[in-house]
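First the structure, in the form of structure tokens, and then the observations on it.
The values are calculated or read from the model by the stated rules, or taken from the named source; none is laboratory data. Quick caveat, the model's predicted, so the values are computed rather than measured. A quick note on method: Cβ atoms are made from the backbone with ideal geometry, for glycine too, and the neighbour counts reach across all protein chains shown. Please note that ligands, DNA and RNA were not included when accessible areas were found on the heavy atoms of the full protein model with its side chains. Shrake-Rupley method; radii C 1.70, N 1.55, O 1.52, S 1.80 Å.
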Amino acid sequence: MKHSFYLAATLALLGLTSLNAAASNPHKEAIVGPFTQGSQVTEQCIACHEDHAKDFMKSSHWTWELEQDLPGRTVKRGKKNAINNFCTSISGNEPRCTSCHAGYGWKDSSFDFSDMTKVDCLVCHDTTGTYIKDPAGAGEALEKVNLERVAQNVGMPVRDNCGSCHFYGGGGDAVKHGDLDSSMAYPDKATDVHMDSDGNDFSCQTCHATKEHQISGNAMGVSPGGQNDIGCENCHDAAPHANKRLNTHTTSVACQTCHIPFFARNEPTKMEWDWSTAGQDREETTDQYGKHTFMKKKGDFVWAKMVQPEYAWYNGKADAYMPGDKMDPAKITKLTYPLGDITDKTAKIYPFKVHTGKQIYDKKQNIFVTAKVYGKGGYWSDFDWDKAAKLGMEANETLKQQGISYSGEHGFAATEMWWRINHMVSPKEQALKCNDCHNQGTRLDWQALGYQSDPMKNKQGPKHAK
């Protein structure tokens, strides 16, 4: 049953209504191989779909950046130039990081974003389940992939297409987001009520509505100032409960806060990454999940399952650290974080994954370093932080535009990166109950949120000022 929606969607795209009709798939006649690389397929795709390619090239899935407003400034930001506390940056690491780019051949900063033949149509439209990107191939498919077969059997994207990148962000299953991992490809109801493969069976596009290849929704971690948000209210009423008292909460509490009590329900997610211990000659270790907790080339990690989110006010906008921004090594730097507080009438309490790190910075300039970790001269091959810092910063276009280069001295400083939790919505029976937060409940830190104490005890309203 779980495949029926996907089959129907594919057939609909092709103008077909049955499996017998699928045998006359027009792409089998239009696409002629053999092919040795993906761009050869794209050349044939754009013979009929040039306008689609042009639309896609306007999207952040292609550009990996978006012009957005952060407090006091307008920036271009995205995966292309963001500093994170995972592998720090794609700068100098392109062949490895761009294995998830929907394009071919992004090996360094000279990649031509105007070259339509570099668009990867297959990663989103493969229906065979055999299309796999080379993990270090700058977006190219693995050599063993039969590109002709894949191209002749394209269809509407399904969860596996989106998940091939979004489930594995950060270098592995469940590493980055916490609420997106391989278990979301065909989840049961307990994992996610919307995408339950035997129930609602939503596709990603059900919520992430797409028009002209512009996919709605922005990840706060890479596009904190993005305005293309989606929310529960797109489908649900603002006052969805029969209980009026529950409905009063919706002015200050996001749906996700009660209805996603845990994330990383099935696969462990990475919660901490300490780069300062990388290079130590220690024995590699693993945890109860079989995940590495120490690797010489990466340092120490902490993984967790069934994670209780952290909670903060969020008004739909966020701020972020940009390459070249000054930082204080004695303090925790928030690389991305939500904006809003108890006095903000547009803010609600939302759940977040907070990934903590300890990462390299330039001691003379007090700025974070975009380190080259992969490839020739990278830290993973030479275990030389100064070389990795120099090469990585030379490859960073944002730093070059500011005339910033590596000073020659480095240290390690603490960081946080906040990721909003939206997936893994539990059945309503498993939503938080009143006493999880109120009375003796400890789910919410009321004082951290700006309340004097539990507002139910003091009969405070949902937006009671400090």
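With the radius of gyration and the Kirkwood radius both derived from the Cα set of the stretch 135-286, what is their ratio Rg to Rh?
Result: Rg/Rh = 1.03.
Magnitude of the Cβ-charge dipole of the stretch 259-337, K/R +1 and D/E -1, about the Cα centre, nearest 20 debye?
The calculation lands at about 200 debye.
Defining a contact as two alpha carbons under 8 Å apart and six or more residues distant in sequence, what relative contact order in percent does the stretch 286-345 show?
That works out to 30 percent.
Can you figure out the FRET efficiency of Asn439 with Lys28, using R₀ = 56 Å and their beta-carbon distance, to the nearest 0.05?
FRET efficiency, Asn439 to Lys28: 0.30.
Nearest-5 percent of antiparallel DSSP beta bridges in the chain?
Counting DSSP beta bridges with both partners in the chain, the antiparallel share is about 85 percent.
Find how much the distance from Gln214 to Ala448 grows on full extension, using 0.36 nm per residue of separation minus their present alpha carbon separation; answer in nm with one decimal.
Answer, rounded to one decimal: 80.5 nm.
Sorted by accessible area (1.4 Å probe), largest first, how do Asp344, Asp281 line up?
So, going from the largest accessible area down, we get Asp281, Asp344.
Once each part is reduced to its C-alpha centroid, what is the distance from the stretch 219-266 to the stretch 341-384 in angstrom?
Spelled out, the Cα-based centre of one part sits 27 Å from the other.
Quick check: residue separation of Thr343 and Asp188 times 0.36 nm, minus the Cα distance between them. What number comes out in nm?
Result for the pair: 51.9 nm of gain on full extension.
Residues of the stretch 244-281 with amide nitrogen under 13 Å from the 7 Å Cα-to-Cβ point of Lys428?
Flagged as within label range: 244, 246-247, 259.
How about the stretch 110-163: which trypsin sites (Lys or Arg not before Pro) there are in a DSSP loop, with at most 13 other Cβ atoms within 10 Å of their Cβ?
Those satisfying the criteria are Lys144.
Order Cys235, Cys255, most accessible first, counting only protein heavy atoms with a 1.4 angstrom probe.
Most to least solvent-accessible, the answer reads Cys235, Cys255.
Would you mind calculating the gained length between Lys58 and Asp281 on full extension (0.36 nm times residue separation, minus the Cα-Cα distance), in nm to one decimal?
75.6 nm
Counting Lys and Arg as +1 and Asp and Glu as -1, what is the net charge of the other residues whose Cβ lies under 9 Å from the Cβ of Asp300?
That sum, taken over residues with Cβ under 9 Å, equals 0.
Taking square-rooted eigenvalues a ≥ b ≥ c of the alpha carbon gyration tensor, is the stretch 299-344 rounded, prolate or oblate, where a/c under 1.5 means rounded and, failing that, a/b exceeding b/c means prolate?
The shape class here is oblate.
Under a Cβ-only charge scheme (Lys and Arg +1, Asp and Glu -1), can you give me the dipole magnitude of the chain about the Cα centre, in debye to the nearest 20?
Its charge dipole is roughly 1260 debye.
Could you state the orientation-averaged shadow area of the convex hull built on the Cα atoms of the chain, in nm² to one decimal?
Reported value for the Cα convex hull: 23.9 nm².
Roughly speaking, what % of Cα-Cα pairs in the stretch 314-382 are separated by over 18 Å, rounded to a whole number?
Here the long-distance tail beyond 18 Å is 55 percent of all Cα pairs in the stretch 314-382.
With a ≥ b ≥ c taken as the square roots of the eigenvalues of the C-alpha gyration tensor of the stretch 198-357, please select rounded if a/c is under 1.5 and otherwise prolate if a/b is larger than b/c or oblate if it is not?
Taking the square roots of the gyration eigenvalues as a ≥ b ≥ c, the stretch 198-357 is prolate.
Between Ala239 and Asn200, what FRET efficiency follows from the Cβ-Cβ distance if R0 is 25 Å, with the result rounded to 0.05?
For R0 = 25 Å, the calculated efficiency reads 0.70.
Tell me the accessible surface of Glu29 in square angstrom (1.4 angstrom probe, heavy atoms of protein chains only), to the nearest ten.
The accessible area of Glu29 comes to roughly 150 Å².
Order Thr346, Thr293 by their accessible area, 1.4 angstrom probe, all chains in place, largest first.
From most exposed to least exposed: Thr346, Thr293.
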